[in-house]
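This report concerns only the one structure given below.
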Amino acid sequence: MNVLVVNAGSSSLKYQLFDTNTETVFAKGICERIGTEGSAIEHKHLLKNLKCEEARPLKNHADAMKLVVEKLLDSTYGCIASMDEIEAVGHRVVHGGAFFSESVLLTDEVLEKLRLCHDFAPLHTPAHIQGIEGCLAVMPDKPQVLVFDTAFHQTMAPEAFMYALPYELYRDYGVRRYGAHGTSHRFVAGEMARILGRTEGTKIVTCHIGNGSSISAVKDGKVMDTSMGFTPLAGVEMGTRCGDIDPAIVPFMMEKLNLTTEGVNQLMNKKSGFLGVTEGYSSDSRDLEKAIGEGPSNPHYEQSNLAVNILKLQIKKYIGAYTAEMNGLDAVVFTAGIGENNPHLREIVCEDMDYFGIKINKELNAKMLRQSNIVKLSTDDSKVAVYLIPTNEELVIARDTEALVSAARK
Ligand code: ADP
């Protein structure tokens with residue numbers, strides 16, 4: 001089945017056209033600066049290795065979808081001859097609240113529930129709705145499927161998802177842990193279970209470490225706990241996000257720095273993490289690794305080292321806590337931008353973890369950079385398997401879309 005996977009952000013729309021039978025991507029691209037000056041598309045035909053970039057005014061996501069379809073049908077850059085060749089659309093949705101514990105076919109009722117998720121993801125939800133409406137406008141007859149980043153985490157027990165706040169905050173406002181990156185955790189945990197040869201009885205910690213990072217405890221194929229919380233600000237240190245801090249620091253900063261709620265949110269989401277600890281040097285782990293590699297002669301060496309060591313310690317703590325929570329550990333998986341491409345971080349996380357039965361092959365790990373394959377990093381005598389598994393959220397969306405659309409046709 002040919003499935004168009006759509007990831008609509010507030011001012012961008014990313015897409016991939018999949019053939020789910022062969023799991024090949026024919027074409028992919030991104031429309032940027034939607035609704036502002038300088039909007040444009042970058043489109044790639046992957047089979048022909050062709051790329052085109054074009055500036056075009058795009059008022060909204062419907063305009064962007066029209067342009068995507070135009071490129072997919074283009075005589076040079078396109079990869080389909082008619083719209084009949086697209087059978088369904090799969091959307092990435094960041095937050096499904098407590099409404100959605102799995103992917104769903106789009107209906108009016110589903111769209112209404114998605115609108116109710118607005119407060120949980122105020123930047124993303126309106127963008128997703130515009131992306132969905134854009135597809136409805138351009139391809140009204142195609143079935144659409146929504147795949148939620150929060151869905152995989154819906155198996156957590158109340159003791160894992162509740163905060164010790166007055167209960168009415170949960171009852172009246174839905175304040176609880178929802179988690180994020182669920183589609184990625186689901187994909188890599190699934191791959192890891194396949195390697196272990198079973199799902200039942202497995203205890204896996206999945207470390208999705210990128211610009212945004214989260215860690216999950218997956219027992220018997222189900223999430224038992226996850227590091228992100230009510231919002232994606234919680235958990236470990238990230239590129240520009242602070243992760244977990246003492247909540248009393250929030251009113252303290254507001255008072256001392258004379259910040260509004262908007263200001264303190266900005267500080268914690270955009271000015272913290274790697275960027276904040278390195279005093280504005282960089283939010284990108286590649287820059288931090290460069291400074292660390294150059295040693296004390298680099299002016300950013302010390303702060304970069306500190307920023308990376310903070311993350312290292314936090315990941316270790318999550319592995320320890322989740323091992324206790326699951327009463328055991330079979331495997332640790334590293335994925336996403338940093339997890340897949342930063343051997344130094346993987347090495348220091350796995351260092352001095354022999355008490356947990358974790359031992360990796362350092363020489364092999366050091367070479368594993370820009371890897372597109374699954375790699376076993378643990379030594380043969382390591383009690384716990386450690387793997388690098390490249391994530392593929394778009395593939396999960398394409399697979400779910402195919403499964404739901406095929407089931408609906410029966
Ligand atoms: P997002 O959370 O926005 O999807 P990514 O998963 O792409 O982000 O992660 C971005 C981080 O991954 C950056 O800190 C970047 O330094 C790191 N990263 C991505 N690609 C590479 C690479 N090829 N080599 C080293 N680091 C990389």
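The numbers here are math on the coordinates, done by the rules we state, and not lab data. For clarity, every value in this text was computed on a predicted model and none was experimentally measured. Here the Cβ positions follow ideal geometry from the backbone for every residue, glycine too, while neighbour counts run over all protein chains shown.
Please go through the stretch 226-296 and write out the GluC sites (Glu not before Pro) that DSSP classes as loop and that have at most 11 other C-beta atoms within 10 Å.
E279
Could you tell me whether the chain comes out rounded, prolate or oblate from its Cα gyration tensor? Rule is a ≥ b ≥ c as square roots of the eigenvalues, rounded for a/c under 1.5, then prolate if a/b exceeds b/c, otherwise oblate.
rounded
Taking amide H positions as placed 1.01 Å from N in the peptide plane, with prolines and chain starts having none, which residues 5 or more places from V94, or on another chain, fall under 5 Å of its amide H?
Residues meeting the amide H criterion: D149.
Checking the table K142/K219; K71/K270; K48/K142; K28/K316; K219/K362 against a 29 Å threshold on Cα-Cα, which pairs fail?
K142/K219; K71/K270; K28/K316
Out of the chymotrypsin sites (Phe, Trp or Tyr not before Pro) in the stretch 72-172, which ones are loop residues according to DSSP with at most 15 other C-beta atoms within 10 Å?
In loop regions of the stretch 72-172 (DSSP not H, G, I, E or B), the sparsely surrounded chymotrypsin sites (Phe, Trp or Tyr not before Pro) are Y163.
What is the Cα centroid distance between the stretch 99-154 and the stretch 354-396, reported in whole angstrom?
34 Å
Taking only Cα atoms, what is the 0 to 90° angle, nearest 10, from helix 301-326's long axis to the longest principal axis of the chain?
Between helix and principal axis, roughly 90 degrees.
Measuring from centroid to centroid over Cα atoms, what is the spacing of the stretch 170-243 and the stretch 253-306 in Å?
24 Å
Taking the Cα centre of the stretch 1-144 as the origin and placing charges on Cβ (Lys, Arg +1; Asp, Glu -1), which of V68, L136, A98 is farthest toward the positive end of the dipole?
The listed residue farthest towards the positive side: V68.
What lysines does K271 reach when the alpha-carbon gap must be under 19 Å and sequence neighbours fewer than 8 apart in one chain are set aside?
Hits, sequence-local ones excluded: K256.
Round to the nearest 10 and give me the degree value, 0 to 90, for the angle of helix 182-196's Cα axis relative to the longest principal axis of the chain.
Roughly 70 degrees between the two axes.
Sum -39500 (n - 2.57) across every DSSP H segment of at least 4 residues in the chain, then divide by the residue count to get the 222 nm mean residue ellipticity, nearest 500.
So the calculated ellipticity at 222 nm is -11500 deg cm²/dmol.
Just to verify a number: FRET efficiency for Y167 and E85, C-beta to C-beta distance, R0 = 41 Å, to 0.05?
0.20
Place +1 on the Cβ of every Lys and Arg and -1 on the Cβ of every Asp and Glu in the stretch 274-410, take the dipole about the Cα centre, and give the residue among A336, T391, N361 whose Cα lies farthest towards its positive end.
About the Cα centre, the residue reaching furthest to the positive side is T391.
List every residue whose amide H lies under 5 Å from the amide H of I360, counting only residues 5 or more places away in sequence or on a different chain, with H placed 1.01 Å from N in the peptide plane.
T379
With θ set to phi - 60° and the Karplus curve 6.51 cos²θ - 1.76 cosθ + 1.60, what are the ³J(HN,Hα) couplings of the stretch 396-410 in order, to the nearest whole Hz, using x for Gly and Pro?
Rounded to whole hertz, the list is 4, 5, 4, 5, 4, 4, 4, 4, 5, 5, 5, 5, 5, 6, 6.
In nm, to one decimal, how far is the L50 label point from the V250 one, both placed 7 Å along Cα→Cβ?
Spacing of the two 7 Å Cα→Cβ label points: 5.2 nm.
Short version: ³J(HN,Hα) in whole Hz for each residue of the stretch 228-235, in order, from phi by Karplus 6.51 cos²θ - 1.76 cosθ + 1.60 (θ = phi - 60°), x for Gly and Pro, what are they?
6, x, 4, 10, x, 8, 7, x
In the stretch 161-253, which trypsin sites (Lys or Arg not before Pro) fall in coil by DSSP and have 15 or fewer other Cβ atoms within 10 Å?
Taking the stretch 161-253 and a limit of 15 other Cβ atoms within 10 Å, the loop trypsin sites (Lys or Arg not before Pro) found are R198.
Could you list which residues have their amide H under 5 Å from that of M238, counting only those 5 or more apart in sequence or on another chain, with H placed in the peptide plane?
Amide H to amide H, under 5 Å and 5 or more residues apart or across chains, M238 pairs with G243, G273, F274.
Quick one: putting +1 on the C-beta of Lys and Arg, -1 on the C-beta of Asp and Glu, what dipole do you get for the stretch 106-169 around its Cα centre, in Debye to the nearest 20?
160 debye
Given labels modelled 7 Å from the Cα in the Cβ direction, how far is it in nm from D380 to N327?
3.3 nm
Tell me, what ³J(HN,Hα) does each residue in the stretch 257-264 have, in order and in whole Hz, if you take phi through Karplus 6.51 cos²θ - 1.76 cosθ + 1.60 with θ = phi - 60° and put x for Gly and Pro?
Listing the rounded values in order: 9, 6, 9, 7, 4, 4, x, 6 Hz.
Treating the angle as unsigned and between 0 and 90°, give the value, to the nearest 10°, between the Cα long axis of helix 61-73 and the longest Cα principal axis of the chain.
70 degrees
Return the FRET efficiency for the residue pair N211, A366: r is the Cβ-Cβ distance, R0 is 35 Å, and the value is rounded to the nearest 0.05.
About 0.95, to the nearest 0.05.
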